[in-house]
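Enquirer: I have a structure I would like to understand better, so I am pasting it below and will then ask my questions one at a time.
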Amino acid sequence: MTCEPEAEAAWRSYGTNRRSTRAVRVRVSAALLTATVLAVLLVPPLARLDQQAVDLAAKLLPPSWDHPFGTDDLGRDLLLRCVYGLRVSLLVGVVAALTATVIGTAVGATAGALGGWVDRGVMRVVDTVSSVPHLLLGIFIVAMFRPGVWPVVVSVALTHWLSTARIVRAEVLSLRSRPYIDAAVSGGASRWRVAVRHLLPAVLPQAALAAVLMVPHAMWHESALSFLGLGLPTHTASLGTLIQSARGSLLAGQWWPTLFPGLFIIVPTLAIAGLAGAWRERINPRRRSELML
């Protein structure tokens with residue numbers, strides 16, 4: 001008789017603690033993301049320094065009041081360089097994620113709505129492209145162009161739409177069995193009308209979530225390409241190029257040229273992942289779908 005109230009109380013306590021933990025995670029993630037955005041917007045005009053200005057007399061200075069993140073091997077202010085590098089990484093991440101989401105949503109919705117041989121053919125293409133490692137395929141795409149921001153955007157977008165296509169297709173296949181879809185088809189609605197008026201609006205929250213989760217992944221992909229010397233030109237401030245150029249300094253004991261660009265990659269990733277995780281639980285609390293991006 002007493003087990004049921006105790007079990008119910010324990011379950012309520014667990015739910016309360018879980019909601020409290022999620023609220024803390026959301027607040028911390030929001031604070032980190034806000035700090036990142038403010039740094040990108042405010043640091044360059046407030047610093048009033050040229051991020052490309054070379055000062056060999058001040059090279060590899062440790063963090064100080066004048067240079068909070070220290071300087072690199074050419075005497076350039078590392079805080080300013082990291083902020084400009086974060087600008088580039090965010091640009092690549094957001095544009096590539098949106099482009100990949102549009103492609104993946106269109107492909108997945110088409111395959112799921114039409115079904116039959118179209119679905120089978122599209123998914124075979126998706127499986128074939130997925131069998132090639134993203135980084136290897138991205139290197140192949142970037143190698144066909146001159147180093148720059150837009151080749152990296154194209155590379156990331158063309159290698160990251162596959163998971164979104166699978167997610168959208170699965171959602172469309174699930175929605176096709178709903179009664180209101182059967183009612184629309186029975187009422188004479190064409191496949192195109194059903195897809196545009198009923199299926200596509202229903203999958204947009206999942207597609208938007210996939211786009212948000214893809215932003216940090218695209219940032220890491222851009223940093224990896226730039227680290228390998230295949231993304232942006234070496235003189236362009238990018239988090240990947242900053243880490244690549246700091247390898248020699250790290251071996252000599254100067255840790256700051258490697259640490260701070262790495263933190264500028266990790267912090268936005270954790271912030272976006274924390275907010276996206278809370279959003280995912282909100283729109284789909286029963287089935288915490290695994291978006292393998």
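The values are calculated or read from the model by the stated rules, or taken from the named source; none is laboratory data. Every value quoted in this text rests on a predicted model; they were computed, and no experiment measured them. When we count neighbours, we look across all protein chains shown, and the Cβ atoms used for this are built from the backbone with ideal geometry, even at glycine. We work out accessible area using only protein heavy atoms, side chains counted, and drop any ligands, DNA or RNA first. Shrake-Rupley method; radii C 1.70, N 1.55, O 1.52, S 1.80 Å.
Enquirer: Quick one: if you take sqrt(5λ) for each eigenvalue of the C-alpha gyration tensor of the stretch 89-178, what semi-axes come out, biggest first, whole angstrom?
Expert: Working: eigenvalues 152, 41, 14 Å².
Largest first, the stretch 89-178 gives 28, 14, 8 Å.
Enquirer: Please list Thr99, Thr269, Thr234, Thr21 from largest to smallest accessible area, probe radius 1.4 Å, with all protein chains kept in place. Kindly include the intermediate steps, with their values, before the conclusion.
Expert: Working: Thr99 55, Thr269 30, Thr234 120, Thr21 95 Å².
The ranking, largest first, comes out as Thr234, Thr21, Thr99, Thr269.
Enquirer: Return the loop-located trypsin sites (Lys or Arg not before Pro) in the stretch 36-120 (DSSP other than H, G, I, E, B) with at most 13 other Cβ atoms within 10 Å of their own Cβ; answer none if there are none.
Expert: Working: sites: Arg48, Lys59, Arg76, Arg81, Arg87, Arg120; in loops: Arg48, Lys59, Arg76.
Hits after loop and neighbour filter: Arg48.
Enquirer: What's the carbon and sulfur percent of the stretch 61-137's accessible surface, probe 1.4 angstrom, rounded to a whole number?
Expert: Details: 2570 of 3480 Å².
Of the solvent-accessible surface of the stretch 61-137, carbon and sulfur hold 74 percent.
Enquirer: If every alpha-carbon in the stretch 193-244 counts as one equal scatterer, what log10 I(q)/I(0) does Debye give at q = 0.12 1/Å?
Expert: -0.45
Enquirer: Now for a different question. Treat each spin label as a single point 7 Å out from the Cα along the C-beta direction, and report the Ser174 to Val26 distance in nm.
Expert: For Ser174 paired with Val26, the spin-label model returns 2.1 nm.
Enquirer: How big is the stretch 129-260 on each of its three principal axes, counting only the C-alpha atoms and giving the largest first in Å?
Expert: 73, 30, 25
Enquirer: To continue, here is another question. Cα atoms only, the stretch 83-130: Rg and Dmax in Å?
Expert: 15.2, 49
Enquirer: Where in the stretch 222-248 does the amide nitrogen come within less than 19 Å of the point 7 Å from the Cα of Val54, taken along Cα to Cβ?
Expert: Hits in the stretch 222-248 for Val54 at 19 Å: 233-238, 241-248.
Enquirer: Ser130 to Val37: FRET efficiency via 1/(1 + (r/R0)^6), r the Cβ-Cβ distance, R0 45 Å, to the nearest 0.05? Walk me through the numbers on the way to the answer.
Expert: Working: r = 33 Å, r/R0 = 0.73.
It comes out at approximately 0.85.
Enquirer: OK, next. Find how much the distance from Arg120 to Leu46 grows on full extension, using 0.36 nm per residue of separation minus their present alpha carbon separation; answer in nm with one decimal.
Expert: Numbers: separation 74, 0.36 × 74 = 26.64 nm, distance 5.54 nm.
Stretched out fully, the Arg120 to Leu46 stretch lengthens by 21.1 nm.
Enquirer: Report Asp127's accessible area, 1.4 Å probe, all protein chains in place, as a number in Å² to the nearest 10.
Expert: Approximately 60 Å² for this residue.
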